[in-house]
2 protein chains.
Amino acid sequence: MPQKSDINRQLLLANRPEAKLSPEHFQLVETPIPSPKQGEILTRTLYLSLDAANRAWIQGRTYRENMELEKVMRGGTISEVVESKVPGFAPGDLIFADTGWQDYTILTPDAAKKMPRIDPLSHLISVYSLTGLTAYFGVVEVCKPKPGQTFVISAAAGATAQVAGQIAKLMGARVVGIVGSDEKAEMIKRDFGYDEAINYKSGPIKQTLKQACPEGIDLYFDNVGGEILEAVILRMNIHGRIACCGAISQYDGQPPAHGPRGVPGFLITKRITMQGFLVYDWDQAAHEKALKQLQDWVQSGKIKIHEDIMDGLENAPKGLIGLLAGNNVGKRMIKVA
Amino acid sequence: MPQKSDINRQLLLANRPEAKLSPEHFQLVETPIPSPKQGEILTRTLYLSLDAANRAWIQGRTYRENMELEKVMRGGTISEVVESKVPGFAPGDLIFADTGWQDYTILTPDAAKKMPRIDPLSHLISVYSLTGLTAYFGVVEVCKPKPGQTFVISAAAGATAQVAGQIAKLMGARVVGIVGSDEKAEMIKRDFGYDEAINYKSGPIKQTLKQACPEGIDLYFDNVGGEILEAVILRMNIHGRIACCGAISQYDGQPPAHGPRGVPGFLITKRITMQGFLVYDWDQAAHEKALKQLQDWVQSGKIKIHEDIMDGLENAPKGLIGLLAGNNVGKRMIKVA
């Protein structure tokens with residue numbers, strides 16, 4: 001169990017990027033460790049989740065308010081209770097919360113979700129929280145794959161996709177993953193059992209998609225937006241469905257002037273449905289049910305989880321910048337303590 | 001009842017427009033009237049429906065094959081059987097079929113749908129066939145408006161929208177129509193009972209939409225695509241739905257380089273669903289049920305139908321070009337005989 005240290009390192013959003021995110025947009029400061037008042041807990045960050053959505057929060061208002069300057073960068077963490085002035089929370093308890101990029105945080109209990117102590121703890125970040133739930137609902141509730149359908153997923157070696165693609169495979173779909181390197185293409189076939197893998201940098205995506213999906217695309221789990229989404233729309237089958245989960249190609253840099261070609265023309269011609277979704281659209285009971293299913297799959301070895309763990313809070317900016325460039329394989333996180 | 005004449009006037013697609021459609025893309029030819037063989041009927045065109053989709057058929061492959069050059073321009077018509085060599089079809093019977101831009105056609109019975117003889121006959125084009133059914137399914141099955149929801153519709157004085165907007169109003173929605181002139185804006189409020197009307201040419205559409213929809217937009221029945229769709233997406237409420245029915249702004253001229261901004265970013269942030277649909281997605285039984293409902297509404301005066309009837313087959317090119325420019329009010333058709 002980590003011990004309380006003397007200082008609280010915090011990474012602040014120092015200024016807003018006009019184009020690509022870089023280390024100078026953050027500032028590391030050291031502050032005293034706060035003390036909880038009655039009704040509060042003090043938590044220490046163990047694992048910090050890095051997510052492409054972090055970049056979108058910096059840029060503008062999304063499903064949450066825009067990140068303010070000079071404030072601690074937001075981020076989901078697995079943290080441990082160090083001191084508690086709340087009944088029902090004791091030192092050593094684990095929680096999932098948006099405690100941000102810092103060592104210590106003061107929370108009220110409504111902002112903290114208790115988590116079980118499992119081995120490895122990192123699975124609480126990589127699969128048994130927002131990442132795994134997003135994959136689960138996006139596949140099971142939005143895409144709804146049927147056996148034999150062609151299911152395409154982008155950023156396929158990434159955190160959400162590794163879970164989503166394997167769920168689609170378990171549901172009987174023919175799964176085609178789009179990635180950014182030959183190594184990742186090999187890996188998703190070997191480790192996740194994908195039927196096909198496309199390195200989108202290896203040739204024109206329209207052609208490689210056509211080769212990999214000779215019978216067209218029934219379902220697309222979109223993590224990237226942009227030109228890959230455009231190419232997929234052109235190959236969608238009639239009554240196809242697109243689950244819009246993320247648009248990582250659009251987060252880091254100038255916002256795009258326009259969206260993908262074929263919207264809405266191809267949506268009409270082929271009666272395609274595009275649906276944006278967030279994990280918050282399902283309630284607590286649905287979350288519990290999904291988590292139980294994910295546990296069964298992971299513990300029985302039906303779903304394999306890759307984790308990309310970096311050490312040290314100070315590396316969070318570098319870790320996020322690398323994630324946006326596609327350097328990670330599986331779920332990237334920072335081991336903070 | 002129209003009598004058989006001596007010649008069959010046909011309008012052929014003479015060449016494919018590179019930009020805007022104009023009269024020289026069509027050629028009028030005169031041919032002999034064909035004779036039906038065993039198993040065929042000869043029909044005479046009474047009313048020819050003009051639809052924005054006609055323009056899309058010329059441009060490329062849509063939900064049907066691309067129109068071939070030197071062939072009779074396709075188009076839905078109400079026609080009358082003149083001569084029959086099929087049991088069950090007799091001279092004087094009315095049918096709806098894609099008999100195209102010509103006076104006479106030979107058909108096999110599977111390509112003809114029998115229609116009742118009603119008064120006025122033109123209602124078979126304006127409401128009791130594809131136009132009315134498209135409006136019905138787009139509202140009732142795709143948008144599913146609930147009382148008090150804000151329902152926005154574009155090309156709101158057009159053929160499909162006049163039916164769709166009034167159905168949404170009957171279902172209790174607050175209906176806001178987008179049109180291209182102050183006259184149309186007045187008309188849709190006065191004749192169709194819309195709550196608000198926006199002339200998109202009167203000012204920046206983002207601002208006029210904001211004024212007309214202070215509580216955001218829950219449902220959008222999109223007939224136009226392009227910049228209006230883009231502006232609507234920006235004002236959609238969480239869990240909003242967009243029924244993609246047409247994209248008339250994109251049909252006539254150079255195809256657009258890109259699609260609307262905010263796709264998929266805003267779809268995710270606001271969990272919006274965009275769904276392309278065609279009337280063919282529902283079966284015959286659903287069509288019959290919808291037609292009965294439409295009849296009840298029209299006959300009881302709950303839905304008002306505007307028709308924009310031009311005389312003479314030779315005016316079909318001019319009629320379609322004007323339709324694409326937004327010159328029509330209500331359903332535009334050609335009285336051929």
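Just so you know, all these numbers are worked out from the coordinates, no wet-lab data involved. Everything quoted here is computed from the prediction, not taken from an experiment. Don't worry about glycine lacking a Cβ; one is built from the backbone with ideal geometry, like all the others, and counts go over all protein chains shown.
For segment B:319-328, putting each phi into the Karplus relation 6.51 cos²θ - 1.76 cosθ + 1.60 with θ = phi - 60° gives couplings of x, 5, 4, x, 4, 5, 8, x, 7, 8 Hz, in residue order, rounded to whole numbers and with x for Gly and Pro. With neighbour counts taken as other beta-carbon atoms within 10 Å, the residues B:Val298, B:Val179 rank, fewest first, as B:Val298, B:Val179. Residues in segment A:43-48 carry Karplus couplings, in order, of 10, 10, 6, 9, 10, 9 Hz; the curve used is 6.51 cos²θ - 1.76 cosθ + 1.60 with θ = phi - 60°, and Gly or Pro positions show x.
Here each label is just a point 7 Å from Cα along the line to Cβ, and for A:Ala285 and B:Ala14 those points are 6.8 nm apart. For B:His258, nonlocal amide neighbours, meaning residues 5 or more places apart or on other chains whose placed amide H falls under 5 Å from its own, do not occur.
Gyration tensor analysis over the Cα atoms of the protein assembly as shown returns equivalent ellipsoid semi-axes of 56, 26, 22 Å (largest first, whole Å). Step through the table entries A:Lys144/A:Lys331; A:Lys210/A:Lys331; A:Lys184/A:Lys289; A:Lys331/B:Lys270; B:Lys189/B:Lys304; A:Lys270/B:Lys304, compare each Cα-Cα distance with 22 Å, and write down the pairs that go over it. Flagged as over cut-off: A:Lys144/A:Lys331; A:Lys210/A:Lys331; A:Lys184/A:Lys289; A:Lys331/B:Lys270; A:Lys270/B:Lys304. Multiplying the residue separation of A:Asp119 and A:Lys85 by 0.36 nm and removing their Cα-Cα distance gives an extension gain of 9.5 nm. Rounded to the nearest 20, the Cβ-based charge dipole of segment A:1-144 about its Cα centre (Lys and Arg +1, Asp and Glu -1) stands at 260 debye. When Rg and the Kirkwood radius Rh are both evaluated on Cα atoms of chain A, their ratio Rg/Rh stands at 0.98. The aspartates and glutamates whose alpha-carbon is closer than 17 Å to the alpha-carbon of A:Lys201, local same-chain residues fewer than 8 away aside, are A:Asp182, A:Glu183, A:Glu186, A:Glu227, A:Glu230.
Here the extension length gained between A:Tyr63 and A:Ser22 equals 12.4 nm, from 0.36 nm per residue of separation less the Cα-Cα distance. Beta-bridge orientation, the protein assembly as shown: approximately 55 percent antiparallel, per DSSP, counting only bridges with both partners inside.
The modelled label-to-label distance for the pair B:Asp195/B:Ala111, using points 7 Å beyond Cα in the direction of Cβ, is 4.7 nm. Modelled label positions at B:Ile238 and B:Val29, each set 7 Å beyond Cα in the direction of Cβ, lie 6.1 nm from each other. With kT/(6 pi eta Rh) evaluated at 20 °C and eta = 1.002 mPa s, and Rh the Kirkwood radius from Cα pairs, segment A:229-313 diffuses with a coefficient of 129 µm²/s according to Stokes-Einstein. Here is how far apart the A:Lys189 label points are across copies: 6.4 nm, shortest first, using a point 7 Å from Cα toward Cβ. Across the identical copies, the label point of B:Arg16 (7 Å from Cα in the Cβ direction) is separated from its matches by 4.6 nm, in order from shortest.
The relative contact order of chain A, computed from alpha carbon pairs under 8 Å that lie at least 6 residues apart in sequence, is 19 percent.
Evaluate segment B:60-135: find the radius of gyration of its Cα atoms, find its Kirkwood radius, and give the ratio Rg to Rh. Ratio of gyration radius to Kirkwood radius: 0.98.
With no solvent and one point per C-alpha, what does the Debye sum give as log10 I(q)/I(0) for segment A:1-50 at q = 0.14, 0.21, 0.29 Å⁻¹? For segment A:1-50, the Cα-only Debye profile gives -0.54, -0.93, -1.18. Here's the picture: a label point sits 7 Å out from the Cα of B:Ile309 along the beta-carbon direction, and within segment B:112-131 the residues with their amide nitrogen under 19 Å of it are B:115-131. Close amide-amide hydrogen proximity is noted between A:Ile178 and A:Ile153, A:Ser154, A:Ala155, A:Ala156, A:Ile198, each under 5 Å apart and 5 or more residues distant or on a separate chain (H modeled in the peptide plane; Pro and chain starts excluded). Charges were assigned to the Cβ only: +1 to each Lys and Arg, -1 to each Asp and Glu. The resulting dipole of segment A:246-337 about its Cα centre is roughly 420 debye. Pairwise inverse Cα distances across segment A:130-279, averaged and inverted, put the Kirkwood hydrodynamic radius at 14.9 Å. For chain B, the longest principal axis of the Cα atoms and the long axis of helix B:284-299 meet at an angle of about 80 degrees. Taking the fewest neighbouring Cβ atoms within 10 Å as the starting point, the ordered list for B:Trp101, B:Trp297, B:Trp282 is B:Trp282, B:Trp297, B:Trp101.
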